Each structure stands twice: as structure tokens, then as C-alpha cells.
Amino acid sequence: MLRGKIKDDQKGIGGFFFDTPVLLLIIVVIMIFTTSLYQVYVPIQKEKDRIAQDRTCIALKNNLQNYPQILDESSEKFSIEKLDSLEKENLNSYLKLDSDYSYNISFELLESSERWFFGNDLTSEENSEVGISSYQIPTHMVDEGGFSHLGKLKVSVWRG
Amino acid sequence: MERLRRTKKDEKAVLSMIDAILFGIILFIVTILVFQQFGGALTRERDLKSSEFRREVVHDIQEVALDSVIEKTGYVNLSHDQSRQVKLTNITVEGAIKDYLFLEHKNQDNEKLTYDLSGLESDIYQIYNKCAWDVSRYYFALGSSYETSELFLSNVQINNEEGLPPERAASTNTIMLGMHRVDLTLYIWR
């Protein structure tokens, strides 16, 4: 019985190698397939992260526009006087930004280029490694005399 | 007998290769489908991101621009063969737009009245250009109409809303002009 079986097996030990071209072809095809999937998955994941970051940036800007510590009581515009005396710690505790993110905020008067800056400095390394969501809009800034000036508000958010 | 065995073995090898090639073709088709599907998703994500940002920005620009104050502006009343300069000081852009639409309507409605409103129009444009282009780097167009008058301003060569690009974002504010509600729409794009 056993003898008969051995006789029927025509391939022997070396028989496995008859399938080698087929195996190689399948391995190459699977490798191409997985590489393609990876090539598609990575940019989509990056884009999703970027969208989450952009939303954080918009939320930060909206919070800032409602922060009473920097708004003029009567006009509800940004007060230059209050910006002068704003503490960074107070701003951080009010904004409550997710710990995955860092931010910086700058106000600038268009006429005089006078500038107020809050948050973290962005190093050149971070700048190159992670994308930055940056939101730049015009804004009104009220001086001590109640006069409104046109300014620029820039909010930047990045991972790190 | 030996020849028959060889032929059978060869046939099996060929069949295996055909199976492998078929497997490869199926995976190739699946890859194309995945690329199409995910590529579309990526485009949608990108569109969503830019449209969300633009929607927010256009609203902020419109609010700030309408609330801005023009310190000195005016128009020329050329009615009844005279030339009278009318000066306006410290008026909001919203007020300037109302004046423009009202006077332009009178201009077209009454043959005896003639106004040169180019100064007023230019000052409204300057504020919008400062807010949309100088600060935020967006192209813009502003459109509004009241009775027979129309206001359309843009920092690109477009004469009406039909020429606007499809990827624009818009914000419409309703202002009151007398008893009439007037829609004022700002479009921005990059």
C-alpha cells in the first residue's frame, strides 16, 4: 500500500520547485497590491489629520472672538488696551487646546504694523515636518479712545 | 508512457500559471477599483477642507468689511446742470453701500437727476480689497441690487455673478434700505 503511494508520487522532493514560477508571480502580485494600498492609505490618513487640525484652528479662532478678557465691552471688538495686558497663562487656560496641538496667535494693526503675539514659536524643524493650519482674517481693534482700527488676526495650529 | 506523464505534468504547470495570472488580473482590477474609490474620497476630503475654511473666512471678511468706517468719501451731484460735491465723513461701508444703491436707483429712475458715484464706489472697493486680498489673499466679488440699481465689485475682471468660479464661497447679509430688504453677497475664492 505504502509502496504504491510512493510510486504514484512522480514529483519526489524536487517536485515542489515545479511551482516556483507560479509562487513568485503570486508573491510579486501581492507585493504590488499591498504597496498600492499603502500608497493610497497614507495620503488619505494625512488629509484626515489635516482636516482635524484645520477644525481645531477654526474652533480656536471662534473661541478667541468670544474671549471677554480681550474684547472691548461696548463694541465687542478686540481691545488694544486688553491685549497689552493679557497674560499668556490666562489665554492658555481659556483656550484649552488639545495637548496634541500647539498654537500661536498674532494681532497686527494694518496702519502702524504694531503687533501682539501669543503662543508658541514655530521652529523651522516643526515647520518642515508638520503641516500648519493657518487662518488669517481682517479684524477690528479698538484703542483706548474708542476708535476702531483695521487689523489682521492670524491663528496658526500645528501638531507638536 | 513516459511521454504521457510529461505531457500531464506540463499541462498542470500551464494550468497553474494561468491560475496565477488570473489571480494577478483580479488583484490588478481590485487595485484600480481601490484607487478610484480612495482617490475620490481624497478629493472629497480636500474639497470639504477648503470649503469649510472658505465658508468661515468669507463670513469674517463680510462682517469686518461692512462694519469698517470710511473716514472721507462722497459723490458729485450733477443734476440741473450744476456740479456739487457732496462730502460724507465717518460712514460705515454698509452706509456707503446703501447710499450708492439709493442714489444709483434715483439716477436711473429720474432723468432730471444725475450723480457721479465713482468716488463712493471706489472707497467701498478699497475696503473690501484691503480685507479680502491684502489681509486674507482671496479674490473677491461683491454683488447687490436695489430696485433698478446694481452694485458689482471685484478685484478680477468679472462683470456679473455668472462669471464667478464654481469653487467660490459666499456670505449673504441682508440690510434694510428704507422699507426694502437688500441682499448683499460677498464671494471669495483662490
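If you check A:T123, A:T139 for being of a type in the set (V, I, T), at pLDDT 85 or above and either loosely packed, with under 15 Cβ neighbours inside 10 Å or under 29 Å from B:D67 (Cβ atoms) (or both), only one passes: A:T139. Being at pLDDT below 95, out of contact with any Ser or Thr (no Cβ under 9 Å at 6 or more places or on another chain) and farther than 25 Å from A:Y135 by Cβ is a property that does not hold for B:Q108.
Across the range B:57-107, the number of residues qualifying as under 23 Å from the mean Cα position of the chain (by Cα) and closer than 30 Å to A:L60 by Cβ comes to 14. When the helices (runs of 4 or more DSSP H) confined to the range A:65-154 are screened for residues that are within 28 Å of B:Q62 (Cα to Cα), those reaching at least 2 such residues are found at A:80-84, A:88-95. For B:Q85, the conditions (1) away from chain A (no Cβ under 14 Å); (2) of a type in the set (S, T, N, Q); (3) out of contact with any Gly (no Cβ under 8 Å at 6 or more places or on another chain) all hold with the exception of (3).
Inside the range B:66-114, residues that are among the small types (G, A, S), under 30 Å from A:P138 (Cβ atoms) and in contact with a strand residue (DSSP E or B) (Cβ under 7 Å, 6 or more places away or on another chain) make up a count of 3.
Is at least one residue of the range A:73-84 farther than 21 Å from B:E56 by Cα and among the aliphatic types (A, V, I, L, M)? The answer is yes, given that some residue of the range A:73-84 is farther than 21 Å from B:E56 by Cα and among the aliphatic types (A, V, I, L, M). Taking every residue in the range B:39-68 that is modelled with pLDDT of 75 or more and pairing it with any residue that is crowded, with 21+ Cβ neighbours inside 10 Å and acidic (D, E), at least 6 positions away or on another chain, the pairs with Cβ-Cβ distances below 7 Å are B:E52/A:D54; B:F53/A:D54. Report yes if some residue within the range A:65-74 is crowded, with 17+ Cβ neighbours inside 10 Å and either modelled with pLDDT under 90 or closer than 16 Å to A:I132 by Cα (or both); otherwise report no. Among the residues of the range A:65-74, not one is crowded, with 17+ Cβ neighbours inside 10 Å and either modelled with pLDDT under 90 or closer than 16 Å to A:I132 by Cα (or both), which makes the answer no. Every condition in (1) more than 28 Å from A:S113 (Cβ to Cβ); (2) surrounded by 18 or more Cβ atoms within 10 Å (Cβ to Cβ) is met by B:D116 except one, and the failing one is (2). Restricting B:T31, B:T92 to those that are surrounded by 14 or more Cβ atoms within 10 Å (Cβ to Cβ), within 12 Å of chain A (Cβ to nearest Cβ) and at pLDDT below 80 reduces the list to B:T31. Out of B:I61, B:I97, which single residue is in contact with a Leu (Cβ under 7 Å, 6 or more places away or on another chain), assigned to a helix (DSSP H, G or I) and facing chain A (nearest Cβ under 9 Å)? Only one candidate qualifies: B:I61. Number of residues in the range B:95-113 that are surrounded by fewer than 17 Cβ atoms within 10 Å (Cβ to Cβ) and not charged (D, E, K, R): the value is 4.
The values are calculated or read from the model by the stated rules, or taken from the named source; none is laboratory data. Keep in mind that this is a model prediction, so the values were computed, not measured. All Cβ positions, even for glycine, are placed from backbone atoms using ideal geometry, and neighbour counts span all protein chains on display.
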